[in-house]
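One structure is given below, encoded as structure tokens.
The values are calculated or read from the model by the stated rules, or taken from the named source; none is laboratory data. Just so it is clear, the model here is predicted, and its values are computed rather than measured. Virtual Cβ from ideal backbone geometry, glycine too; neighbours counted across all protein chains shown.
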Amino acid sequence: MMVELLAPAGQIDSGYAAFAHGADAVYLGLTQFSARAEAQNFTPDAFAGFVKYAHQIGKRVLVAVNTIFFENEKESLIDTLQTIESAGADGVIVQDLGTARLMKRYFPKLRLHGSTQMAVHNREGVEALRDMGFKRVVLARELTLDEIRDACRVPGIEKEVFIHGALCYSYSGLCLFSAIYAGRSANRGKCVYPCRELFTVENETKHVFSMKDMAQNENVRLLEQAGVAALKIEGRKKSPLYVAAVTDYYRSILDGRCDKRTLARKRDNIRCVFSRPTTDFYLKGRKNFDVIDTEIVGHRGLPAGKVEGFSTRGGVKSVRFKTAVGIERFDGVQIDLPKSERPFGFSAENMRVNGKNAFQSAAGDTLEIALPDNAPFIPVGAAVYLSSSGAVRRAYPFETPKPESADVGDVDVAVSVRADGVSASCGDLTETVAGGFSAAKSFDTAQKAVRDAFAKTGGTGLTLRGLNVDNPEKLFVPLSVLNDLRRRLYERAAAVLTAEKDRDRAARKEKILRREALTPSKETAQTAYIVKTDDALLAAELMKEPVAEVVFELGVRTDAAFFDGFDREKIRFALPAIARAWETEKLKRTARGLMEKGFKKFEIANVWGLDALKGIAVDVTFDWQLYVANSSAARMASELGASGFAVSPETPDPAALFAAFPDMAAAVVYQDIPLFTSENCPYAALRGKCQNCGGNRQEKMTSRYGGFVSVMKDCRHFLLAERPVVKKREAVKNGAKKLRVEFMRRAEPVSSRLETLRRLMQE
């Protein structure tokens, strides 16, 4: 099976551009539940027509329904899934376990794909999704080639990897920064990209979290050989031109149809359309420290030269440089400015080439471009970039066909021609035109005219299945009469079939909602405190406190023997959300060892834990990183064997969950919020190399959003909010009986943590 080239379509023209330039499939979002909520996205009608068009030309369409949803959105989600099913999409990309459950139970024809928002980063995570019925998984971007190879050895599920586009600093799905500080959740498709902001650390202010763009152009063959099923281009918020240029570039690589010079030109075209500095990220190894651009964020363009000087004619100042690329009138130009985050951009509206007025230049020419009145100070030697190009735009043409109509249904039509009139019937519908018709000069021609007229369904979405023409007197019917008759009949038939479909959809939705109705439980629960920590000494002291349960997060250095004297009913061991290939086996051995010692309670924060604990634990709970934010996800947790779950901190109205699942649902009431969870090291980015800190350090960072605590633990970076969030009163008001306190990542004395806990319990 050939690898699939999968391109983004944030709007319908991007989809057309992708197909025109070599994409095998596109992925897109509808107006709700898309992780790119600010893309143009697709209306239901446009989506249905686009899927129809794609299938006509032998292409595939995947739909991203890859956000968490809330209880009050269930009805809208069902509408969305019905729309996707009706259109016949080829796969649905999901993050929320509740969405997965609804699809499996009520929409079994839809093909489940696990989103990169699920942060699947190891073999165990792949196996877990396969066992849950997923047909494809989008692997975490952070994986090495060896890890991808290992994941591809898991049978029964396809693997998809990103090869080009923007990178998140945090593992996808494990970023809460935008949600906490801007009220716009990345897990809801509304990220404000705080990682692109300036942060001050070690007395320097830099973009220490601003990632370069991924570009795996040199590694495509390696990924093919590894066994991936699909190579994915990021960019649902990018232009159709960007989609066309990037798709064409990777299509050329996959097909081997271009020489190195041509490929280099195509790569330059991409840089002109949109570019940041690029990286192959961690594909060749996790010790790549050149993955962050600390200086400038956003689009630079294609290097075009360096400022050599200035000239003034008629009171207009121009910048002069020898251009390395062809530039034509109205192309976009950007110039780097000292001590500025962003270059200065303007249009090349007035040009002189080698001292003469001109409309275009070639590489090697001395070019003068008039500066706008608002031009800032530009130093000699500043870098000049071509940031948009008419020539590049013309290199990627694509057609925008007339939109296809959504399929409404098949019809059988009977046409009866008599001397006094003609009628056409479809089911119970009949349309008639009276009139006197004369004998046909050619009966075959007259019959063909009727067949041709009714074969045209005129954008109604109808498909003519069968046509019977009864014309015993061999009469001729004018084409205008036939067209009018057809139009009236088909419009009525389409309206009837659409109404029937709408009624069927409404009835089906109502049935699903009745089955999935959330009702308060009759069970009662006593208020109980659960405390989670990664500090073994604190865990030991917590055994003496009046808390129902202590959750200890296992690490690769955990000594299982330390816990021999712990109360086996009070202690629960947690697997971390992220555990890479070099960590999983040690963690699994530790878990098995604890199980053999009689410890039976465990917690997971990622789907990989389902596979890791299979056949080991008898009591498993879900941490909040699995985003139980709705009753469908809660029921999925229960069906997967969980005895409890921490409600997602992003849930706006959790009262219904606490009422329906009082013995399962826990509220996080105190938390050092992990804003980022990342493999990327900001200190290496700042200094250009590893700082040999031993992989562990803690210090303060600041930005326009305020202060933060930066924690390195075993060479994994966590950015914490400066102050813990406290939500006890809110949780109690919402009816929570299980109150969860988290003392994670931040280094604080055990005594201080205990004091905080006691104070919180007394409030």
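Among the residues of the stretch 68-90, those identified as more than 22 Å from Ser14 (Cα to Cα) and β-branched (Val, Ile, Thr) are Ile68, Ile78.
The sole residue among Ala229, Ala215 that is in contact with a Ser or Thr (Cβ under 6 Å, 6 or more places away or on another chain) and in the same structural domain as Ser34 (by TED's automatic domain parsing) is Ala215. If I go through the stretch 423-480 residue by residue, how many of them are farther than 30 Å from Lys402 by Cβ and among the β-branched types (Val, Ile, Thr)? The total comes to 2.
The criterion of at least 3 residues that are hydrophobic (A, V, I, L, M, F, W, C) is met by the following strands (runs of 3 or more DSSP E) wholly inside the stretch 293-395: 316-322, 366-370, 383-388.
For Ala539, the criteria (1) among the hydrophobic types (A, V, I, L, M, F, W, C); (2) closer than 30 Å to Glu142 by Cα; (3) not in a strand (DSSP E or B) hold in every case but one, which is (2).
Take the conditions (1) in contact with a Lys or Arg (Cβ under 9 Å, 6 or more places away or on another chain); (2) under 23 Å from Ile12 (Cα atoms); Arg393 misses just one of them, which is (1).
Could you check the stretch 65-76 and list, in sequence order, the residues that are aliphatic (A, V, I, L, M) and either in contact (Cβ under 8 Å) with a residue 60 or more places away in the chain or surrounded by fewer than 24 Cβ atoms within 10 Å (Cβ to Cβ) (or both)?
Restricting attention to the stretch 65-76, the residues satisfying the condition of being aliphatic (A, V, I, L, M) are 65, 68.
If the condition is that a residue be aliphatic (A, V, I, L, M) and either in contact (Cβ under 8 Å) with a residue 60 or more places away in the chain or surrounded by fewer than 24 Cβ atoms within 10 Å (Cβ to Cβ) (or both), then Ile68 is the only one that fits.
If you go through the stretch 542-567 and pick out every residue that is of a type outside the set (Gly, Ala, Ser) and either farther than 28 Å from Asn122 by Cβ or more than 41 Å from the chain's Cα centre (by Cα) (or both), you end up with 10.
Restricting attention to the stretch 104-125, which residues are in a helix (DSSP H, G or I) and crowded, with 22+ Cβ neighbours inside 10 Å? Even if it seems obvious, please write down each step before you answer.
Going residue by residue through the stretch 104-125, those that are in a helix (DSSP H, G or I) are 104-106, 116-118, 123-125.
Within the stretch 104-125, Thr116, Gln117, Met118, Glu124, Gly125 qualify.
Among the candidates Ser170, Ser210, the residue that is among the small types (Gly, Ala, Ser) and farther than 30 Å from Leu263 by Cα is uniquely Ser170.
Consider Ser405 carefully, then state whether it is surrounded by fewer than 15 Cβ atoms within 10 Å (Cβ to Cβ), of a type in the set (Gly, Ala, Ser) and farther than 30 Å from Phe330 by Cα. Quick ask: steps written out before the conclusion?
Values: surrounded by fewer than 15 Cβ atoms within 10 Å (Cβ to Cβ): no; of a type in the set (Gly, Ala, Ser): yes; farther than 30 Å from Phe330 by Cα: yes.
For Ser405, the condition - surrounded by fewer than 15 Cβ atoms within 10 Å (Cβ to Cβ), of a type in the set (Gly, Ala, Ser) and farther than 30 Å from Phe330 by Cα - is not met.
Give me the residue from the stretch 518-536 that is at pLDDT 95 or above and in a loop (DSSP other than H, G, I, E, B) and, out of that set, farthest from Arg745 (Cα to Cα).
Taking the stretch 518-536 and keeping what is at pLDDT 95 or above, we get 528-536.
From what is left, the residues that are in a loop (DSSP other than H, G, I, E, B) are 534-535.
Values: Asp534: 7, Asp535: 8 Å.
Of everything passing the filter in the stretch 518-536, Asp535 is farthest from Arg745 (Cα to Cα).
Selection of the stretch 481-521 for residues being among the aliphatic types (A, V, I, L, M) and in contact with a helix residue (DSSP H, G or I) (Cβ under 6 Å, 6 or more places away or on another chain) yields Leu482, Ile512, Leu518. In the stretch 194-218, the residues that are closer than 20 Å to Thr279 by Cβ form Cβ pairs under 8 Å with partners that are surrounded by fewer than 16 Cβ atoms within 10 Å (Cβ to Cβ) and of a type in the set (Val, Ile, Thr), at six or more places apart or across chains, as follows: Phe199/Thr205; Phe199/Thr702. Say whether the condition of being in contact with a Pro (Cβ under 7 Å, 6 or more places away or on another chain) and either aromatic (Phe, Trp, Tyr) or under 30 Å from Lys501 (Cβ atoms) (or both) is met by at least one residue in the stretch 70-92. There is at least one residue in the stretch 70-92 that is in contact with a Pro (Cβ under 7 Å, 6 or more places away or on another chain) and either aromatic (Phe, Trp, Tyr) or under 30 Å from Lys501 (Cβ atoms) (or both). In the stretch 746-759 there is no residue that is within 22 Å of Ala574 (Cβ to Cβ), touching a Lys or Arg at 6+ places or on another chain (Cβ under 7 Å) and either touching a residue at least 60 places away in the same chain (Cβ under 8 Å) or surrounded by fewer than 17 Cβ atoms within 10 Å (Cβ to Cβ) (or both). Residue check: Arg488 meets all listed conditions (1) basic (Lys, Arg); (2) exposed (fewer than 12 other Cβ atoms within 10 Å of the Cβ); (3) more than 30 Å from Val726 (Cβ to Cβ) but one, namely (2). Quick one: in the stretch 26-57, of everything that is closer than 17 Å to Gly91 by Cα, within 11 Å of the chain's Cα centre (by Cα) and of a type in the set (A, V, I, L, M, F, W, C), which residue is surrounded by the most Cβ atoms within 10 Å (Cβ to Cβ)? In this case the residue turns out to be Leu28. Within the stretch 471-518, being more than 44 Å from the chain's Cα centre (by Cα) and of a type in the set (Val, Ile, Thr) holds for Val477, Val481. Does Asn696 satisfy being free of Cβ contacts under 8 Å to residues at least 40 places away in the same chain and in contact with a strand residue (DSSP E or B) (Cβ under 8 Å, 6 or more places away or on another chain)? The answer is yes for Asn696.
The number of residues in the stretch 396-413 being assigned to a loop (DSSP other than H, G, I, E, B) and either within 25 Å of Phe274 (Cα to Cα) or among the β-branched types (Val, Ile, Thr) (or both) comes to 6.
So which residues in the stretch 130-177 are in contact with a Cys (Cβ under 6 Å, 6 or more places away or on another chain) and within 30 Å of Ala721 (Cβ to Cβ), if there are any at all? Spell out how you get there, then give the answer.
Just the residues of the stretch 130-177 that are in contact with a Cys (Cβ under 6 Å, 6 or more places away or on another chain), to begin with: 159, 169.
The answer is Tyr169, and nothing else.
Can you name the number of the only condition in (1) surrounded by 22 or more Cβ atoms within 10 Å (Cβ to Cβ); (2) touching a Leu at 6+ places or on another chain (Cβ under 9 Å) that Leu139 fails? (2) is the only condition that Leu139 fails. Just the residues that are over 19 Å from Lys402 (Cβ atoms) and of a type in the set (S, T, N, Q), please, taken from the stretch 41-66. Answer for the stretch 41-66, where residues must be over 19 Å from Lys402 (Cβ atoms) and of a type in the set (S, T, N, Q): Asn41, Asn66.
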